[in-house]
1. Given (1) surrounded by 16 or more Cβ atoms within 10 Å (Cβ to Cβ); (2) within 18 Å of GLN155 (Cα to Cα), identify the lone condition not met by GLY333.
2. ASP87 passes all but one of (1) assigned to a loop (DSSP other than H, G, I, E, B); (2) of a type in the set (D, E, K, R); (3) in contact with a strand residue (DSSP E or B) (Cβ under 9 Å, 6 or more places away or on another chain); which number fails?
3. Would you point out the residue of the range 39-82, among those that are at pLDDT 95 or above and not in a helix (DSSP H, G or I), that is surrounded by the most Cβ atoms within 10 Å (Cβ to Cβ)?
4. Just give me the residues in the range 265-291 being more than 10 Å from the ligand (Cβ to nearest atom), of a type in the set (Gly, Ala, Ser) and open to solvent by less than 40 Å² (accessible area, probe 1.4 Å), in sequence order.
5. Hey, among the residues in the range 193-205 that are under 28 Å from HIS302 (Cβ atoms) and open to solvent by 10 Å² or more (accessible area, probe 1.4 Å), which one's farthest from the ligand (Cβ to nearest atom)?
6. Please name all residue pairs, on different chains or six or more residues apart, with Cβ atoms under 8 Å, provided the first residue is in the range 141-165 and is within 17 Å of ALA220 (Cα to Cα) and the second residue is open to solvent by less than 50 Å² (accessible area, probe 1.4 Å) and basic (Lys, Arg).
7. For the range 245-260, give me each residue that is within 11 Å of LEU83 (Cβ to Cβ), hydrophobic (A, V, I, L, M, F, W, C) and in a loop (DSSP other than H, G, I, E, B).
8. Hey, any hits in the range 237-260 for a residue that's farther than 29 Å from PRO105 by Cα and not aliphatic (A, V, I, L, M)?
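The values are calculated or read from the model by the stated rules, or taken from the named source; none is laboratory data. Because the structure is predicted, anything quoted here is derived from the model rather than measured. So basically every Cβ, Gly included, is an ideal-geometry build from the backbone, and we count neighbours across all protein chains shown. Only protein heavy atoms, including side chains, enter the accessible area calculation; ligands, DNA and RNA are left aside. Shrake-Rupley method; radii C 1.70, N 1.55, O 1.52, S 1.80 Å.
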Amino acid sequence: VSHPDRAAGLPRGAPSAIINDMQPEAEVRAAFTEPEAFWSSPLYRRLSKVVAEDPQLVRLAAHTRAGQVPTFALFGAVQYLLLAGCDDPLAGYYPSIRGDRARPPDHELADHFRQFTRRHRPELIQLLTTRLVQTNQVQRALGLRLGLHVVGRDQADRGRAGAVHLLEIGTSAGLVLRQAAYGYHLGGCRFGRPDSPVQLRAEWRSAEPVPDLDQLPDLASTTGLDLNPLSADDPEDRRWLEALVWPEDRAKALLLDAALDLAAELPLPILAGDAQHRCADWAADLPDGQTRVVFHCATRMHVPGRHRPAFDQAIADVGRRGPLYRIAIEGAGLVVIDPDGVARTPYDVNGHLEWVAPAAGLG
Ligand SMILES: C[S@@+](CC[C@H](N)C(=O)[O-])C[C@H]1O[C@@H](n2cnc3c(N)ncnc32)[C@H](O)[C@@H]1O
């Protein structure tokens with residue numbers, strides 16, 4: 001993993017590709033007035049209201065880097081400090097720290113939160129101005145696997161077998177990219193590694209047979225790419241990823257931890273930088289004529305609208321010297337674009353890959 005920003009002496013996690021402006025306070029407050037966004041976290045729902053009603057807290061959250069979601073960033077930064085072992089009454093409300101003994105949100109929570117953020121303001125600003133919201137959802141490996149299965153079938157239909165080169169854009173710590181190291185349970189069928197400590201379970205919402213997720217094209221190479229790659233070997237990167245998991249979501253935190261342990265043992269090449277520029281570097285090393293697959297999940301949605309045409313063009317250019325498949329999970333099912341540029345949505349999925357259904361008439 002290369003970290004050009006660290007080499008340049010910038011603070012950890014401070015990609016130079018991102019401009020660091022304060023966010024407009026009105027927009028920040030608006031983000032905290034939608035507590036229902038934290039549908040499975042009673043703690044964050046309550047804290048959202050606390051922040052929305054307190055101008056000082058809104059001002060603090062406005063330090064979040066441009067383009068980053070201030071709710072996730074502020075709550076991630078607070079939990080990061082608590083997970084590091086800050087001895088504070090606020091920790092008593094976090095199931096991630098106190099487990100079943102955590103206090104439910106009560107009338108004292110707001111005061112504890114205000115006091116904690118006042119006491120730790122400099123560390124929180126440091127985190128908000130240097131870290132990115134880079135949640136790495138291990139469960140999405142199932143989406144990559146589904147996409148690769150579709151690519152394999154399409155290759156067979158075209159009479160074109162052969163290994164493919166895989167690039168994941170927005171790989172974070174590369175946990176989705178390590179799909180081959182996990183086990184899968186879908187619609188009563190099992191795939192992948194039954195002995196893996198990472199077992200992913202999803203609901204199959206269909207009477208149709210489950211696709212054979214062990215039938216995938218061979219991978220000639222596997223590479224990640226991220227504005228700011230995180231490393232499973234780095235305790236601070238690991239803690240940041242854990243801090244982005246909502247405190248009540250213990251199953252997800254355990255899965256993350258197991259996947260990070262696996263990732264630390266399975267190094268993969270990860271390029272640092274913006275996809276707009278680095279896709280070409282990756283493609284330049286591929287042999288002419290060989291099939292390439294570019295995958296991205298919950299990444300393009302974070303690219304500012306004015307940069308999306310260049311992001312899309314950079315991916316399309318990867319196909320200049322060999323057939324290109326693009327697999328995308330960006331909010332509207334699983335989309336596969338084939339080498340002729342034809343886009344299909346073979347599977348409906350939700351963003352966290354908790355369920356899968358073949359799209360009507362396809363699959
Ligand atoms: C929300 S995270 C999702 C991570 C992972 N794909 C997943 O689904 O678990 C989005 C990631 O995309 C990266 N990213 C955003 N814009 C990018 C760009 N233009 N080029 C490369 N990476 C980018 C961020 O740094 C972050 O790690």
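1. Of the numbered conditions (1) surrounded by 16 or more Cβ atoms within 10 Å (Cβ to Cβ); (2) within 18 Å of GLN155 (Cα to Cα), the odd one out for GLY333 is (2).
2. ASP87 satisfies every listed condition except (3).
3. My answer is THR64.
4. Result: ALA283, GLY289.
5. ARG205
6. As it stands, the answer is VAL164/ARG292; HIS165/ARG292, since those pairs meet every condition given.
7. VAL245
8. no
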